[in-house]
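Note sheet for the following structure.
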Amino acid sequence: MNSLKQRFFIALVPPLDIEQQITEIKLYFAEHYNSSRALQSPPHITLQPPFEWPAADVPKLEESLNTFAAKRLSIPIALSGFAAFAPRVIYADVVKSAQLLEIQKDLMSYIEENLGIVDRLSQTRPFVPHMTVAFSDLTQENFQKAWLEFQGRSLHFQFTASTLTLLLHNGSRWNISKHFPLSA
């Protein structure tokens, strides 16, 4: 039995035009604030934090996510301005809608019950939907400078999330593995 495990997380990914604009902000952080780690994944709103899953059982994971997504409606998403988890993370702020909070909560319960995947840390703190533009490699000094520049900056995007996205880590970055249509 091959016990090789892969790392995944589950997210909502914006449409291409918004993805490109958020990526440009990440590139700005890489250039001006020496913080490029956020470029290791496409722009996204994490619903289920990274977890390990046996490579051999990926079809079971995908089938389960497909079943979950098929019973869900698309979700209107609004990004508004910037916020931070000081002193390391700056992100595009995501409006906490009832639909978004509900799908995150339901997804976490569903995959715990059906797949045994549990993120203990997420269970102990409130869900703060966000789209990271700079994190972990942002120094405290650069965080202070960047936050002065970004805290008052306006940002407004709206889109409809019509798929759940499974992302897979390939050893150096996160890539989209599969989309599951929210098709209720």
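The values are calculated or read from the model by the stated rules, or taken from the named source; none is laboratory data. Here the structure is a predicted model, which is why all the values come from computation and not from measurement. FYI the Cβ positions are ideal-geometry reconstructions off the backbone, even for glycines, and counts take in every protein chain you see. These accessible areas exclude ligands, DNA and RNA; they are computed on the full protein's heavy atoms, side chains included. Shrake-Rupley method; radii C 1.70, N 1.55, O 1.52, S 1.80 Å.
Could you tell me how many degrees, from 0 to 90 and to the nearest 10, lie between the Cα long axis of helix 98-115 and the main elongation axis, the longest principal axis, of the Cα atoms of the chain? Helix 98-115 and the main axis of the chain meet at about 40 degrees. Taking every protein chain into account, the accessible area of the chain amounts to 52 square angstrom per residue (probe 1.4 Å). With one equal scatterer per alpha carbon and no solvent term, the Debye-computed log10 I(q)/I(0) for the chain at 0.10, 0.18, 0.19 1/Å reads -0.40, -1.25, -1.37. Note on surface exposure: 19, 52 rank 52, 19 by accessible area, highest first, 1.4 Å probe. Where a ≥ b ≥ c are the square roots of the eigenvalues of the C-alpha gyration tensor, would you call the range 1-87 rounded, which needs a/c under 1.5, or, failing that, prolate if a/b is larger than b/c, or oblate? Because a/c hits 1.5 or more and a/b fails to exceed b/c, the range 1-87 counts as oblate. Helix 16-33 and the long axis of the chain differ in direction by around 50°, with both axes built from C-alpha atoms. Each part reduced to its alpha carbon centroid, the range 27-48 and the range 118-184 end up 8 Å apart.
Note the angle between two axes, namely the Cα long axis of helix 140-150 and the longest principal axis of the Cα atoms of the chain, as a number of degrees from 0 to 90, rounded to the nearest 10. Here the helix axis deviates by roughly 80 degrees.
Between residue 101 and residue 56, the simple label model (points 7 Å from Cα in the Cβ direction) yields a spacing of 4.2 nm. When the helices of the chain are scored as -39500 (n - 2.57) per DSSP H run of n ≥ 4 and the total is divided over every residue, the value at 222 nm lands at -11000 deg cm²/dmol.
For a straight C-alpha distance cut-off of 16 angstrom, the lysines reachable from residue 145 (same-chain residues fewer than eight places away being disregarded) are 26.
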